[in-house]
Each structure stands twice: as C-alpha cells, then as structure tokens.
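*Asks:* Provided herewith is a single structure, encoded as structure tokens, for subsequent inquiry.
The values are calculated or read from the model by the stated rules, or taken from the named source; none is laboratory data. Keep in mind the model is a prediction, meaning the values are calculated, not measured. Note that each Cβ is placed from the backbone with ideal geometry, even for glycine, and that neighbours are counted across all protein chains shown.
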C-alpha cells in the first residue's frame, strides 16, 4: 500500500468510527505510543481500544492527516512524519486537536507509531518562542520529502 493509500485508510477508519478498519493498518505486533505516553501493543489491542474511543470521547470526530516528511530506511521500510488535525464535535475533548505522528511502515503496515499533541497553550512551560515550523499547515512541509 502506498503512503497516500495508508493515510486515506487511516482517515476513513477514524472518520467512520471503525476500530476493525483502524487496526487493519497496523502489524499484528505493532507498538503504539499514544499522545499521553501510554504504550499499547498489538493490533488486536488497538482494535478494541480505538473502538471504545470511537464510541465515547471521539464519537463523531473527524481526522485529517498530511505527510510532513518521509524517509526510506530500507526495502519497503519507511519512516513517516505525519501532521494531523482532529475535530471533536462534543464531549471532554471538544474542539480541534493538532499534532504530529511518527510511523514506521513496512509492507504497507505500521510497525511502530508515536503520537504527540501540539501544544499552543502559552502557559505551558517552554512553549513561548517555540519554533512553530515543526507543525506546518496542511499541504506544506518543513523540509523536503525524501
């Protein structure tokens, strides 16, 4: 599967609230680090946990992904840096969340995944003066795609 196809499949799974389809993008033995630093192992775990998220705090949410950078590491082994915008219509996380994800992809499946929220809260320690070019607007890149 191409990078574009993988991201489209991830968006579609998220936007339809389908935990089975979401987990299908990940290798059986994947390691997934969520935006809060929790480590989740295996696509079967992701299937269950994400379905719970889709049915509760992220119900009706929409995800938009865009490639910031790709790096080829070997035969069909790629490191992707992907920016995202998540719109949550209601509930405890209502509003727009932005962030950066790092995906290690082989044979069209995600082996390893790291999610990081982008903080724009000026009261958050160290955020003042932070170089925002790390999180470009959709459709732009902070550095060339390899």
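*Asks:* Looking at this structure, is residue 47 in a strand (DSSP E or B) and either surrounded by 15 or more Cβ atoms within 10 Å (Cβ to Cβ) or out of contact with any helix residue (DSSP H, G or I) (no Cβ under 7 Å at 6 or more places or on another chain) (or both)?
*Replies:* So residue 47 does not fit the description; no.
*Asks:* Here's something else I'd like to know. Here are some conditions: (1) more than 20 Å from residue 41 (Cα to Cα); (2) surrounded by fewer than 18 Cβ atoms within 10 Å (Cβ to Cβ). Residue 61 meets all but one. Which one does it not meet?
*Replies:* (2)
*Asks:* Something else: Which condition number in (1) modelled with pLDDT of 95 or more; (2) surrounded by 13 or more Cβ atoms within 10 Å (Cβ to Cβ) is the one that residue 142 fails?
*Replies:* Unmet condition: (1).
*Asks:* Now for a different question. Taking residue 75 as meeting all but one of (1) within 15 Å of the chain's Cα centre (by Cα); (2) more than 19 Å from residue 98 (Cβ to Cβ); (3) modelled with pLDDT under 95, write down the number of the exception.
*Replies:* Evaluating residue 75 over (1) within 15 Å of the chain's Cα centre (by Cα); (2) more than 19 Å from residue 98 (Cβ to Cβ); (3) modelled with pLDDT under 95 leaves (1) as the failure.
*Asks:* Still on this model: Test residue 37 against the criterion of being surrounded by fewer than 14 Cβ atoms within 10 Å (Cβ to Cβ), at pLDDT below 95 and over 12 Å from the mean Cα position of the chain (by Cα), and give yes or no.
*Replies:* The answer is yes for residue 37.
*Asks:* Hey, any hits in the stretch 89-96 for a residue that's at pLDDT 60 or above and assigned to a strand (DSSP E or B)?
*Replies:* Checked the stretch 89-96: at least one residue is at pLDDT 60 or above and assigned to a strand (DSSP E or B).
*Asks:* Ok, one more. Of all residues in the stretch 66-88, count the ones that are assigned to a loop (DSSP other than H, G, I, E, B) and surrounded by 11 or more Cβ atoms within 10 Å (Cβ to Cβ).
*Replies:* 0
*Asks:* Could you please find all residues in the stretch 1-23 being assigned to a loop (DSSP other than H, G, I, E, B) and within 17 Å of residue 80 (Cβ to Cβ)?
*Replies:* Initial filter on the stretch 1-23 (assigned to a loop (DSSP other than H, G, I, E, B)): 1-2, 16-18.
Those that are assigned to a loop (DSSP other than H, G, I, E, B) and within 17 Å of residue 80 (Cβ to Cβ): 1, 2.
*Asks:* Which one is farthest from residue 105 (Cα to Cα), of the residues in the stretch 16-33 that are surrounded by fewer than 16 Cβ atoms within 10 Å (Cβ to Cβ) and in contact (Cβ under 8 Å) with a residue 12 or more places away in the chain? Before the answer, list the steps.
*Replies:* Narrowing the stretch 16-33 to residues surrounded by fewer than 16 Cβ atoms within 10 Å (Cβ to Cβ): 16, 20, 24, 28-29.
With in contact (Cβ under 8 Å) with a residue 12 or more places away in the chain added as a condition, the list becomes 20, 24, 28-29.
Values: 20: 19, 24: 13, 28: 13, 29: 13 Å.
The residue in question is 20.
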